[in-house]
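Engineer: Here it is, the structure, as structure tokens.
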Amino acid sequence: MKQNINIFLLSILVAFASCSFTSKSFDNPDKDKHLMQLVTYLLEEGHYEPKNINDSFSEGVYERFLNQVDPFKNYFYQSDIKEFEAYKTDLDDQILNHSVAFFNLVYNRLITRIEDSRSLYAQVLETPFNYDLEESFDTDYENKSYSSSKSQMKDNWRKQLKFSTLSNYHDLVTDKKETKRSNSDLEAEARGMTLKSLNESASYMDDLRREDWLSIYINSIAEEFDPHTFYFAPQDKDRFDAQMSGKYEGIGARLQKRMDEISITELISGGSAWRQNKLEVGDVILKVRQEDELEAVNVVGMRLDDAVKLIKGPKGTNVILTLKKVDGTIEDLSIPRDEIELEETYAKSTVVEKDGTTFGVINLPKFYIDFEDVNSRNAATDVKKEIERLKAEGMQGLVLDLRGNGGGSLKTVVDMGGLFIEQGPIVQVRSTKEDKEVLKDTDRSIEWDGPLVILVNELSASASEILAAAMQDYKRAIVIGSKQTYGKGTVQNIVDLNRMIRRNTYGDMGAFKFTTQKYYRINGGSTQLEGVKSDVVIPDRYSYIDIGEKDQENPLAWDEIAPANYNVWESYFDYETTIKKSKERMSSSAEIKLIDDNALWIKTIRDRSVFPLNFSKYLLDLESNETEAKRYDSLSDYQTDLRFEPLPYELPLMEQDSVFKINRERWHENLSKDIYMEEAINVLGDLKSSYEINKLAQLKD
């Protein structure tokens with residue numbers, strides 16, 4: 001897979017070193033223009049699906065950039081937008097000429113408007129809010145109009161600040177211990193808390209340099225190509241390198257900002273948040289407080305990097321997050337900061353016995369590999385080792401758990417697929433204007449030829465989808481989980497922009513990540529957008545939430561190519577009957593019905609945009625949410641009759657390492673409450689039975 005793109009990248013590096021590859025000169029003395037030259041060159045020459053940089057493209061960049069810098073429409077007026085609109089279909093010309101004139105106009109106006117807003121919101125917060133009024137606040141900023149006057153802008157700020165202050169006021173009223181304090185005093189204190197948070201946010205805004213805003217503009221251009229093409233400013237590249245090295249110091253959570261909300265998108269295996277087991281994907285962070293401080297900082301609307309700085313900190317300290325949970329409830333959670341344990345990012349296994357039969361489970365958090373050290377451990381060799389250990393324990397069926405696995409190395413996917421088939425294609429890869437390449441397993445040995453189930457969910461992406469798709473196409477495994485996986489069928493590569501410049505005098509230019517290839521199933525279909533559809537669909541709390549590739553902006557389209565030459569797995573397993581039985585069990589399960597109801601309720605909560613600013617109605621809303629949430633309490637109490645046990649080699653490790661012991665015990669405990677894992681074990685049992693029945697029938701014949 002890497003061959004074609006490596007040749008391309010090598011050509012670029014040689015070209016810029018020798019200045020013989022292109023007639024273009026990259027010696028522009030203006031750093032901004034120079035950066036624009038590098039980025040546009042890579043987009044035009046290296047992107048998998050180059051776009052025509054025309055008026056339509058210009059409009060997309062225009063809308064995206066304004067939405068990025070003023071998402072709540074708190075700064076720009078209609079008069080500003082009218083002035084900006086003169087550039088709406090002109091940005092393509094500016095981009096091709098490497099001009100940043102539009103950026104300069106918007107940036108300078110934005111700085112002025114941000115400064116204006118500070119006196120505006122200070123004025124608003126000087127006046128008490130009347131929570132007896134019948135009014136509401138609409139958080140649908142996308143359809144909100146820009147203010148036409150200062151008085152309208154002030155009223156918009158008033159409603160937004162009233163909404164922000166309402167939760168502070170509620171907390172003070174419900175938690176007040178001094179009966180002598182009046183509600184008016186508490187309301188004033190709540191406004192003071194909001195003003196302090198705004199002033200703190202303003203200080204972070206002051207720390208932003210012009211190059212930070214320029215990065216947003218460049219990414220408004222890059223993301224018009226696809227959601228995975230991205231410019232890394234120097235500080236962003238440093239963070240990316242730290243992530244790629246697998247070493248984290250913090251709570252071990254990845255965050256995403258969408259409009260005004262910063263939410264949890266992933267819990268890093270081995271991190272303190274993961275070990276604590278209370279933070280969830282989908283939780284929204286409202287405030288951040290340090291353990292040695294009394295006041296929390298409101299992070300709603302704050303730049304993501306700034307919120308991350310608040311959350312990160314020295315190992316051994318704690319950070320307190322105020323969270324809006326996925327079910328709509330609000331709670332404070334203290335999380336210790338720590339260095340993430342790499343061991344928990346690696347494959348791990350356990351055994352479970354059901355009806356006298358031993359089954360194995362392998363959890364794989366990601367497809368890891370160290371390209372710098374070919375002798376180091378990788379996902380494929382580790383899974384092979386775990387299979388050998390499980391076979392030694394008498395395993396009769398295997399569950400490969402890829403839930404939440406966001407992908408990784410394609411090489412490990414091919415190698416890992418070969419553990420379950422004799423030989424044959426695993427995935428097809430195509431670059432722009434080049435013939436497809438079929439990546440095959442050529443090792444005729446099979447590590448596991450018994451019953452196989454692959455567990456997935458909406459967050460299983462990229463390499464996870466390749467493996468699940470291949471095993472599904474071969475009819476080698478039954479895929480159980482969400483309606484479909486994430487749907488990322490593209491490959492990205494990263495270029496260090498500094499290596500493209502001879503005698504660089506501009507300082508660190510950062511790096512650029514861009515899509516270079518698409519991969520396809522061996523049946524010819526793409527996993528792009530559509531993902532992998534489970535053979536047995538089981539709803540979860542994310543079933544109705546937009547979190548997949550298809551829900552991103554400007555994703556590449558689904559398409560298909562000719563299938564590879566492969567043969568369906570021949571065995572005594574009756575896949576069709578087994579799948580039918582599983583579907584029947586799931587359709588009659590009361591717990592599954594409740595999970596689906598919960599998912600629909602969560603969807604309703606997340607889609608809501610209009611909220612009351614009347615305190616009595618606010619209380620009714622909270623009570624209603626709490627009442628509804630109690631309907632689903634039994635889901636957290638669900639318990640299977642399965643007991644998962646460590647492998648023999650882990651017992652001495654658990655004695656020596658208390659953290660390792662805690663991690664394994666918590667994993668086993670969670671599996672024993674996991675209705676999806678319970679069904680995967682049931683399916684393995686059915687596959688085993690069908691094998692025995694069919695083999696016996698053939699012997700009789």
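Any read-out appearing in this document is the output of simple, stated calculations on the displayed coordinates, not a laboratory observation. Worth saying up front: this structure is predicted, and the values here are computed from it rather than measured. Neighbour counts run over all protein chains shown; Cβ positions are idealised from the backbone, glycine included.
Engineer: Report the FRET efficiency, 1/(1 + (r/R0)^6), for residue 587 and residue 673, where r is their Cβ-Cβ distance and R0 is 30 Å, rounded to 0.05.
Structural biologist: E between residue 587 and residue 673, to the nearest 0.05, is 0.90.
Engineer: Further, regarding this structure: Once you place label points 7 Å from the Cα toward the Cβ at residue 182 and residue 370, how far apart are they in nm?
Structural biologist: 6.8 nm
Engineer: Return the FRET efficiency for the residue pair residue 537, residue 141: r is the Cβ-Cβ distance, R0 is 25 Å, and the value is rounded to the nearest 0.05.
Structural biologist: After rounding, the FRET efficiency stands at 0.15.
Engineer: Another question, if that's okay. Hey, can you grab everything whose amide H is under 5 Å from the amide H of residue 147? Only 5+ residues off in sequence or another chain; H modelled, so Pro and N-termini drop out.
Structural biologist: 78
Engineer: Output the direction-averaged projected area (hull surface divided by four) of the convex hull of the alpha-carbon atoms of the range 248-339, in nm².
Structural biologist: That works out to 5.2 nm², a quarter of the Cα hull's surface.
Engineer: Something else now. Among residues other than residue 602 whose Cβ falls under 14 Å from its Cβ, what is the net charge (Lys/Arg +1, Asp/Glu -1)?
Structural biologist: It works out to a net charge of -3.
Engineer: Next up: Once Rh is set to the Kirkwood radius over Cα pairs, what Stokes-Einstein translational diffusion coefficient, in µm²/s, holds for the chain at a temperature of 10 °C and a viscosity of 1.306 mPa s?
Structural biologist: It comes out at roughly 57 µm²/s.
Engineer: At what distance in nm do the modelled label points of residue 358 and residue 334 sit from each other, each positioned 7 Å from its Cα along Cα→Cβ?
Structural biologist: For residue 358 paired with residue 334, the spin-label model returns 4.4 nm.
Engineer: Could you tally the net charge around residue 81, taking each other residue with its Cβ under 14 Å from the Cβ of residue 81, Lys/Arg +1 and Asp/Glu -1?
Structural biologist: That sum, taken over residues with Cβ under 14 Å, equals 0.
Engineer: Could you list, in their original order, any pairs among 354/603; 475/695; 630/661; 31/144 whose Cα atoms are separated by more than 25 Å? Can you show the working numbers first?
Structural biologist: Values: 354/603 36 Å; 475/695 18 Å; 630/661 33 Å; 31/144 36 Å.
Violating the 25 Å Cα-Cα cut-off are 354/603; 630/661; 31/144.
Engineer: Pop out the ³J(HN,Hα) list for the range 614-621 in order, Karplus 6.51 cos²θ - 1.76 cosθ + 1.60 with θ = phi - 60°, rounded to Hz; leave Gly and Pro as x.
Structural biologist: 8, 4, 5, 6, 4, 5, 4, 4
Engineer: Show the residues, 5+ positions off or on another chain, whose built amide H is closer than 5 Å to the amide H of residue 441.
Structural biologist: For residue 441, the qualifying residues are 424, 426.
Engineer: In sequence order, what are the phi-derived ³J(HN,Hα) couplings for the range 492-503 according to the Karplus relation 6.51 cos²θ - 1.76 cosθ + 1.60 with θ = phi - 60°, rounded to whole Hz, with x for glycine and proline?
Structural biologist: 10, 9, 10, 10, 6, 5, 5, 7, 9, 10, 8, 6
Engineer: Next question, about the same structure. Give, in nm to one decimal, the length gained when the segment between residue 189 and residue 290 is fully stretched (0.36 nm per residue of separation minus the Cα-Cα distance).
Structural biologist: Extending this stretch completely gives an extra 34.3 nm.
Engineer: For residue 266, enumerate residues with amide H under 5 Å from its amide H, sequence gap 5+ or separate chain, H modeled in the peptide plane.
Structural biologist: Amide H neighbours of residue 266, under 5 Å, 5+ apart: 254.
Engineer: Cut-off under 20 Å on the C-alpha distance; same-chain residues fewer than 8 positions from residue 433 excluded. Which aspartates and glutamates are left, in chain and number order?
Structural biologist: Candidates past the 8-residue exclusion: 44, 45, 49, 226, 559, 560.
Engineer: OK, next. Pop the C-beta distance of residue 423 and residue 119 into the FRET formula with R0 = 60 Å and round what comes out to the nearest 0.05.
Structural biologist: 0.25
Engineer: Quick one: angle between helix 463-473 and the longest Cα principal axis of the chain, in degrees between 0 and 90, rounded to 10, please.
Structural biologist: 40 degrees
Engineer: Using 7 Å Cα-to-Cβ label points, what is the residue 435/residue 155 separation (nm, one decimal)?
Structural biologist: About 6.8 nm separates the two model spin labels.
Engineer: Which of the GluC sites (Glu not before Pro) found in the range 473-566 are in a DSSP loop and have at most 11 neighbouring Cβ atoms, other than their own, within 10 Å?
Structural biologist: Filter output for the range 473-566: 553.
Engineer: Would you mind checking 384/673; 162/617; 88/309 for any pair whose Cα atoms are more than 25 angstrom apart?
Structural biologist: Details: 384/673 27 Å; 162/617 14 Å; 88/309 35 Å.
Result: 384/673; 88/309 exceed 25 Å.
Engineer: How much length is gained on full extension from residue 568 to residue 280, taking 0.36 nm per residue of separation minus their Cα-Cα distance? Write down the numbers at each step before the final one.
Structural biologist: On the way: separation 288, 0.36 × 288 = 103.68 nm, distance 3.89 nm.
This chain segment gains 99.8 nm when fully extended.
Engineer: Using +1 on the beta carbon of Lys and Arg, -1 on that of Asp and Glu, and nothing else charged, what's the dipole of the range 434-571 about the Cα centre, debye to 20? Intermediate results must be reported in sequence, preceding the final value.
Structural biologist: Numbers: 16 positive and 22 negative charges, 73 e Å.
In debye, rounded to 20, the range 434-571 gives about 360.
Engineer: So what J values fall out for the range 553-567 if you push phi through Karplus, 6.51 cos²θ - 1.76 cosθ + 1.60 with θ = phi - 60°, rounded to Hz, Gly and Pro as x?
Structural biologist: 8, 6, x, 5, 6, 6, 8, 9, 10, 5, x, 7, 8, 8, 10
Engineer: Rounded if a/c is under 1.5, else prolate if a/b beats b/c, else oblate: with a ≥ b ≥ c from the C-alpha gyration tensor eigenvalues square-rooted, which is the range 471-625?
Structural biologist: Details: a/c = 3.50, a/b = 1.08, b/c = 3.23.
The shape class here is oblate.
Engineer: Using 0.36 nm per residue, how much length does the chain from residue 622 to residue 134 gain when fully extended, once their Cα-Cα distance is taken away?
Structural biologist: Length gained between residue 622 and residue 134: 174.0 nm.
Engineer: In angstroms, what radius of gyration and Dmax does the range 52-222 have, counting Cα atoms only?
Structural biologist: Spelled out, the Cα radius of gyration and Dmax of the range 52-222 are 19.5, 68 Å.
Engineer: Label the range 343-693 by shape, choosing from rounded, prolate and oblate, from the square roots a ≥ b ≥ c of the eigenvalues of the Cα gyration tensor; if a/c is under 1.5 it is rounded, and otherwise prolate applies when a/b is larger than b/c, oblate when it is not.
Structural biologist: The shape class here is rounded.
Engineer: Now for a different question. Between 0 and 90 degrees, rounded to the nearest ten: what's the tilt of helix 2-18 against the longest Cα principal axis of the chain?
Structural biologist: Between the helix axis and the principal axis of the chain, the angle is about 40 degrees.
Engineer: Which Cα, out of 676, 577, 490, lies furthest along the positive dipole direction of the chain (beta carbon charges, K/R +1, D/E -1)?
Structural biologist: It is 490.
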